[in-house]
Amino acid sequence: MAWLGPEEWRAVALSLQVSLWATLLSLPLGILTAYALARWQFPGKQLLNGIVHLPLILPPVATGYLLLLGFGTRGPIGGVLEDFGIVLAFRWTGAALAAGVMAFPLMVRAIRLSIEAVDPKLEQASATLGASPPWVFLTITLPMALPGIIAGAILAFAKAMGEFGATITFVSNIPGQTRTIASAIHAFLQVPGGEDAALRLVLVSVVVAMAALLLSELIGRRVAARVGGK
Amino acid sequence: MAWLGPEEWRAVALSLQVSLWATLLSLPLGILTAYALARWQFPGKQLLNGIVHLPLILPPVATGYLLLLGFGTRGPIGGVLEDFGIVLAFRWTGAALAAGVMAFPLMVRAIRLSIEAVDPKLEQASATLGASPPWVFLTITLPMALPGIIAGAILAFAKAMGEFGATITFVSNIPGQTRTIASAIHAFLQVPGGEDAALRLVLVSVVVAMAALLLSELIGRRVAARVGGK
Amino acid sequence: MLEVALRHDFADFTLDARFEAPAGITILFGRSGSGKSTVVNIAAGLLRPDAGKITSGGRVLLDTRNGVCLPPHRRRLGYIFQEGRLFPHLTVRQNLRYGAWFAPRGAAREESGRVVELLGIGHLLDRRPGALSGGEKQRVAIGRALLSAPQLILADEPLAALDEARKSGILPYFERLRDEVSVPILYVSHSASEVARLATSVVALEAGRIVRQGSAAEVLSDPSVLPAGAREAGAVLTARVLRHHADGLTELAAGGVPLFLPRLAQAPGSEMRLRVAAHDVILSRDRPEGLSALNILPGTIAELRPGDGPGAIVALDTPAGRLLARITRRSAAALGLAQGGSAHAVIKAVSIAPADIGAGPRAGETRDLIPE
Amino acid sequence: MLEVALRHDFADFTLDARFEAPAGITILFGRSGSGKSTVVNIAAGLLRPDAGKITSGGRVLLDTRNGVCLPPHRRRLGYIFQEGRLFPHLTVRQNLRYGAWFAPRGAAREESGRVVELLGIGHLLDRRPGALSGGEKQRVAIGRALLSAPQLILADEPLAALDEARKSGILPYFERLRDEVSVPILYVSHSASEVARLATSVVALEAGRIVRQGSAAEVLSDPSVLPAGAREAGAVLTARVLRHHADGLTELAAGGVPLFLPRLAQAPGSEMRLRVAAHDVILSRDRPEGLSALNILPGTIAELRPGDGPGAIVALDTPAGRLLARITRRSAAALGLAQGGSAHAVIKAVSIAPADIGAGPRAGETRDLIPE
Amino acid sequence: APLAAGQITVFAAASLATALEEIEAGFEAQQGHDLVVSLAGSSMLARQIEHGAPADVFISANSDWMDRLAAEGLIAERTRFDLLGNEIVLIARGGTARRVALDATLDLGELLNGGRLAMALVDAVPAGIYGKAALERLGLWDDIADRVAQTDNVRAALALVATGEAPLGIVYATDARAAPEVSVIGRFPAGNHPPIVYPAAALARRDTPETRAFLDYLRGPQARAAFEAQGFTMATR
Ligand SMILES: Nc1ncnc2c1ncn2[C@@H]1O[C@H](COP(=O)(O)OP(=O)(O)OP(=O)(O)O)[C@@H](O)[C@H]1O
Ligand SMILES: Nc1ncnc2c1ncn2[C@@H]1O[C@H](COP(=O)(O)OP(=O)(O)OP(=O)(O)O)[C@@H](O)[C@H]1O
Ligand code: MOO
Ligand SMILES: [Mg+2]
Ligand SMILES: [Mg+2]
């Protein structure tokens, strides 16, 4: 595709990288959170549910600002992480964090529903066969909830591809480092005559996200058929 | 709460108004779309699914820009609407449209899942008792899917409360007309020293959205109990 | 009157059936997979057959040749499903009213108070289906179907999901339906007891084809068309309650002969149907003496049909009607039984299962209204 | 050996039970709601009782006084559920292996080939549960429980969801289990047939309390503890297959007396259990002649117990064992039956239901291995 | 964490995008350093710098944010200078619009004819702040205060006029040149509002030869050509 310049290609590649990592890294936490919300009763459950939904509710810029306060080099968490050599602020890793946080509620909702649909009687059966709770989870709950987990992950990926407000606020818009497709679109829209380039990038992100959605429908259907028997 | 000035209060009231209308007006279309995706087979189904998800995928500013092109006074749709006396540009109605569009994918996903969970056998039973398809839908499918519909609507409401990018692009930021909480937060964050005011508004939107979420869990549980029997 | 003629192909199953169902209960009888539900679902409009024609009381519901296929909601049905399929979000009362809502204005309809009373569900009206037992659910489902002012009632194994006790609680309601409701009822079953007690006429299906059609007595006496073979063979007798004795027995008159059964609920004068399973009948050459069995009926051997196992089916014409006895061929030989010879049937009072005793008009006869 | 002592209160139900289950099958028997599932779920660790102690082969599974309550996965169970509960995302093979995976290294375990063969599921190994029939599912569920190297097998109405044909296909597997597997099996049922065929010992529950405990023959002969009352009363005889006759009958020896039944599958020499339902037995003062019934056993009346209806239960000691007959009181009076008197029991060859005939060691005796 | 030697990261106000693109190419060719330009609103950039963003040079669209960073000691004061000046103008859609005199006699309300005046956020974004100040000075603000549609940034205000949603807008002269659909119908006299300046400075911890070289380059003739091509004026010190 000759119509994308090298800068744009870098943005596309970076977006894919950021979204992929955001999705993969948040998946375990997403599954754990969804499981806790679906199956456990504990004080503060509603609070956890609310916090998970926060990024959906807050203006993305506010979320980005909160991330900057917490995970920036001077933030309490960012400082600790930096001692371990993990720098998030103004790196693509930070873009992944921002995208992951913004996509988290969508992921958790989808996974929670699919976990709630797993029959607890099968989990009991597994326990009577000698499986301890973690094994019950790994061998029964997780595989049975797979269609929803995949759907949730791909939805999160699509959302991460489009995330902009929190990302630019938290990690700025540094070409090759944190300039994702969405940031690039935004930048192009600021420049006189940048509309064409912006449109091209919009197309790219639509195509990628649509492909992801289609894939999720397909995988979901196939896995559901397997889990449902046959 | 003396710590909010009259300007802020107006933003809060406007946000509630915009989100409420956005949710209520998009609900019928959301239910219809969810029903079509859940129960019908038609060519272009995947395309529809993709289009519904677009606002989730595109940077909000891009969505806002597309809305401006389509629904602005000069846009093809906006022009027609204006002939009917419906003006969206620079009005709170336009803010509601933007918020509704942005929240639409979340609403449709939740409702689709709950419609898919309604047993088609009950719908068949209803048909054998003389109910034509629209009546089957109204008397069986809709009430049985109610918990999911409520959850979807409240999620959409929460999302609408936080929407900013598309709103400001489409209807700009006119105090009292289109200046929602999210726009106000954004404006405060642009001025040195505006952090405190921004934080207060963040708190307000968190409280409202959390209350909505809690409500949705409660209603959902109560309705589910009713639908599930007892 | 329901007239059905159908042809339909599934991947490895072909249905090809033509039958008529008069007013009363027509039982579709056959083993699992014989196509019973397929017929009912086509009649309901839930499945469109490759070819066929269905008319109900003269109304054409389906006529593939002329491209007619009414959707379910325009067929004026009352479909009673195996699993009830009550609407969980509505109360029992709302479930019952549901069909009436959609019935045409002027439709002749059952009076809801009468139906509620008939089914004994008056105390359940304000509950939701989730709070009903399996048997109660099914009774409500019957009421719901009745109250939709149907011109055709369909019931697909409405009792299959219930245990014996609940089954026997509901069978009487179907008996009343048969006797008091004037629309044809197409009823799927694979239970000989249900056939014996309920059927006005029976259509026996086997692998998609109709292998036998007739009265309950005719069909049940032919082991070759019974899903479970000879074990289910039996006779259907009709008898009238004479009196209740002090020692807990009820005396019935069957064609002039007395029959003793453990106490029945029905009042003297009531018409009853009894299924006497062939394996519960002992034959004796002479009238036996000193036996604990109370019912000994003399008769003439109408037929002696050897089975494929060690057994044989003997048809004995008694004053009470034709009885079937399943005995071993060895016994038949030892007793020197032969067609035309005479023998006595020995039936224990307690060996007729309660499930096999029902109220109702003569088996195989046309309906005649009996007020209760 | 499993030792159970429990106390548990639900809102309006109290369970208070103490019993022991030796090797072999101990059947928990009782009507719906009597607390059977509650006992099994407590044994499985799925429910924690208010108070109680359970030991299995000396291992303490539960001891509320000392605060011991092993979680299910540490109880070394094989639980066979009514609905199978196979894992739908795993193949049959993977389902079968599932429990073995978690069993302790050194655990004595069944050889999987043998179990697969025992249950006849070799051809299903690569399918998924969704593609199995109800009966096949249940056989796999049994195999899965067996292969988890359990020290206690629990089965909660494992056959209740199956129809008669499938039930009779699976009962023999449980008979084999009882005879070939050395761990105790706690089996919930409310079917007299299952009790008769399977039970090494029976625990009869009624409203949360144990009302009777003993061998199948003892429990089944007492209508007062039977869920369905007198209709289920019957005797359990043990007999040995003598020979198969050319006319399709099988001759068995029961305490020296011959018994004729329609052809059985078992080889001559096999030990059998028969349940003879009390309502299928006719009594005669003198030896009757000219009857089609093949089995006529002389005996002495051990007991004559009037029931609450028109019936009475007569216990007759015959050479084949104690038989029960349910007859009307009117007949008892007419025949002048009295304790100590003699009478003959008349049993038709075909009236013993196939479901009531099973392979197995003497009812109520301790297990003794019979190779097949 | 400092970036690789020879790399200079510039945080610049978004309105400089086009000019900086040209300057980046020229500077890299001349000096051999790698220039990385991160564009966003000045407020966001400033806040990020407060939180440790790896910027070497900051070019703000107004003095306020630079002042704030200076107060926090984050910039090398000695390197700070006012780089550019700009004008704010009144624009309308179409090329044939008549010019108006921007003075106290102007009836903006009539010009708007019921429509909206598009401006950047008047209390938050520099272009909006300047525009509001100018209108206040002219005594026009109170009349049209409730007719103003405020946008996130200047470009969005420009877009509103370009698409015809708003008949008039107030934007930078530089932006107005970029949109062929709009034309300038009035220029606000410079004395009417605080001077529009774009200050530039190196960050305190990055006061290095490389950043100084870049700041010098910004003042040089090639940069001047690029800025002026976009309509900026060079700030006179
Ligand atoms: N949708 C379908 N596609 C393919 N084959 C079907 C379909 N529905 C039914 N069949 C086949 O048609 C045959 C008849 O099925 P049907 O459900 O009518 O039997 P039935 O007599 O009602 O059995 P049961 O007593 O088990 O309910 C079966 O062999 C079944 O496999
Ligand atoms: N979780 C519970 N809460 C309250 N009551 C319960 C609970 N579980 C069971 N019960 C009550 O305990 C009693 C015994 O129930 P249980 O399931 O053990 O009976 P069962 O003998 O297994 O019956 P069935 O043959 O119907 O399975 C019933 O009255 C039931 O209502
Ligand atoms: O150049 Mo700005 O900071 O977007 O007005
Ligand atoms: Mg069927
Ligand atoms: Mg139970």
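The values are calculated or read from the model by the stated rules, or taken from the named source; none is laboratory data. Because the structure is a prediction, the values reported are computed rather than measured. Every residue, glycine among them, receives a Cβ derived from its backbone with ideal geometry; neighbour counts consider all protein chains shown. For accessibility, only protein heavy atoms count, side chains too; no ligands or nucleic acids. Shrake-Rupley method; radii C 1.70, N 1.55, O 1.52, S 1.80 Å.
Compute the Cα gyration tensor for the range A:84-141, then decide on rounded, prolate or oblate, letting a ≥ b ≥ c be the square roots of its eigenvalues: rounded whenever a/c is under 1.5, prolate when a/b is larger than b/c in the other cases, and oblate in all that remain.
oblate
Put the label 7 Å from Cα along Cα→Cβ for residue B:135; what are its distances to the other copies, in nanometres, shortest first?
Its label point is 5.6 nm from the equivalent points in the other copies.
Output the relative contact order of chain C, whole-number percent, from Cα pairs under 8 angstrom with separation of 6+ residues.
Answer for chain C is 17 percent.
Using a ≥ b ≥ c from the Cα gyration tensor of chain E (square roots of the eigenvalues), is it rounded, prolate or oblate, where a/c under 1.5 gives rounded and otherwise the larger of a/b and b/c decides, a/b for prolate?
Note, shape of chain E comes out prolate.
At 0.36 nm per residue, minus the direct Cα-Cα distance, what do residue D:74 and residue D:18 gain on full extension? Give it in nm, one decimal, please.
17.9 nm
As I understand it, the value is the acute angle between the Cα axis of helix A:146-162 and the longest principal axis of the Cα atoms of chain A; what does it come to in degrees, rounded to 10?
The answer is roughly 10 degrees.
On a 0 to 90° scale, report how tilted helix C:134-146 is relative to the longest principal axis of chain C, with both axes built from alpha carbons and the result rounded to the nearest 10.
Here the helix axis deviates by roughly 60 degrees.
Tell me: how much accessible area in total is hidden between A and E, 1.4 Å probe, Å², nearest 100?
2000 Å²
Cross-link list C:36/C:348; C:53/C:137; C:167/D:167; A:45/B:159; D:53/D:167; C:36/C:167: which exceed 29 angstrom alpha carbon to alpha carbon? Let's see the in-between values first.
Working: C:36/C:348 35 Å; C:53/C:137 33 Å; C:167/D:167 20 Å; A:45/B:159 21 Å; D:53/D:167 34 Å; C:36/C:167 20 Å.
Going by Cα-Cα distance, C:36/C:348; C:53/C:137; D:53/D:167 fall outside the 29 Å limit.
Counting pairs of alpha carbon atoms under 8 Å apart in space and at least six apart in sequence, what relative contact order in percent does the range C:234-359 give?
Over the range C:234-359, the number comes to 31 percent.
When a/c is below 1.5 the answer is rounded, else prolate if a/b is larger than b/c, else oblate, so apply that to the protein assembly as shown with a ≥ b ≥ c taken from the square roots of the Cα gyration tensor eigenvalues.
Cα axes put the protein assembly as shown in the prolate bin.
Under 5 Å between amide hydrogens, which residues at least 5 positions from residue D:264 or on another chain qualify, with H placed 1.01 Å from N in the peptide plane?
Amide H neighbours of residue D:264: D:250.
Tell me, what is the 1.4 Å probe accessible area of residue C:294, in Å² to the nearest 10?
Estimated to the nearest 10 Å², residue C:294 gives 50 Å².
For residue C:246, go 7 angstrom from Cα along the Cα-to-Cβ vector, then report the distances to that same point in the other copies in nm, smallest first.
The projected label point of residue C:246 is separated from its counterparts by 5.8 nm.
Using the Cβ atoms and a cut-off under 14 Å, what net charge is assigned to the surroundings of residue A:9, where Lys and Arg are +1 and Asp and Glu are -1?
Around residue A:9, the surrounding residues sum to +1.
Can you tell me the FRET efficiency between residue A:86 and residue E:7 if r is taken as the Cβ-Cβ distance and R0 is 22 Å, rounded to the nearest 0.05?
0.50
Any idea what the relative contact order of chain E is, in percent, if you count C-alpha pairs under 8 Å spaced at least 6 apart?
30 percent
Once the other residues with Cβ under 14 Å from the Cβ of residue A:82 are scored (Lys, Arg +1; Asp, Glu -1), what is the net sum?
Overall, the nearby charge balance is +1.
Residue D:307's amide H: which non-local residues (gap 5+, or another chain) put their own amide H closer than 5 Å, with H modeled 1.01 Å from N in plane and none for Pro or chain starts?
Hits under the 5 Å cutoff: D:312, D:313.
What do you get for the angle between helix E:17-31 and the principal long axis of chain E? Use alpha-carbon atoms, 0 to 90 degrees, nearest ten.
Orientation of helix E:17-31: about 20 degrees from the principal axis.
So what does residue C:59 come to for accessible area, using a 1.4 Å probe and Å² rounded to 10?
Surface open to solvent at residue C:59 totals about 80 Å².
R0 = 25 Å: FRET efficiency of residue D:160 with residue D:9, Cβ-based, nearest 0.05?
0.40
Between chains C and D there is a rotation axis; tell me the chain C residue with the nearest beta carbon and how many whole Å away it sits.
Output: C:288, 3.
Just for the protein assembly as shown, what percent of DSSP beta bridges are antiparallel, to the closest 5?
75 percent
Over the protein assembly as shown, average the accessible area per residue using a 1.4 Å probe and give it in Å², no decimals.
Numbers: 54820 Å² over 1441 residues.
I get 38 Å² per residue for the protein assembly as shown.
For residue D:104, which inter-copy label distances result when the label point lies 7 Å beyond Cα on the Cα-to-Cβ vector, reported in nm to one decimal and in ascending order?
Those label-point separations list as 7.6 nm.
What net charge do the residues around residue B:34 carry, taking every other residue with its C-beta under 14 Å from that of residue B:34, with Lys and Arg at +1 and Asp and Glu at -1?
Once positives and negatives cancel, what remains is +3.
Just to confirm the filter: which GluC sites (Glu not before Pro) across the range D:92-128 are DSSP coil and have at most 12 other Cβ within 10 angstrom of their Cβ?
D:111
Ignoring ligands, DNA and RNA and using a 1.4 Å probe, state the total buried accessible area between D and C in Å², rounded to the nearest 100.
Looking at D and C, the buried total is near 3000 Å².
Ignoring everything but the protein chains, give the 1.4 Å probe accessible area of residue D:194 in square angstrom, nearest 10.
Counting only protein heavy atoms, residue D:194 exposes about 10 Å² to solvent.
Between residue D:176 and residue E:229, with labels modelled 7 Å along Cα→Cβ, what's the label distance in nm to one decimal, could you check?
In this crude label model, residue D:176 to residue E:229 measures out at 8.9 nm.
In whole percent, how big is the carbon plus sulfur part of the accessible area of the range C:234-359, probe 1.4 Å, protein atoms only?
52 percent
How much of the accessible area of the range A:40-195, in percent, comes from carbon and sulfur atoms when a 1.4 Å probe is used? Intermediate values should be presented prior to the final figure.
On the way: 3550 of 5040 Å².
That fraction is 70 percent.
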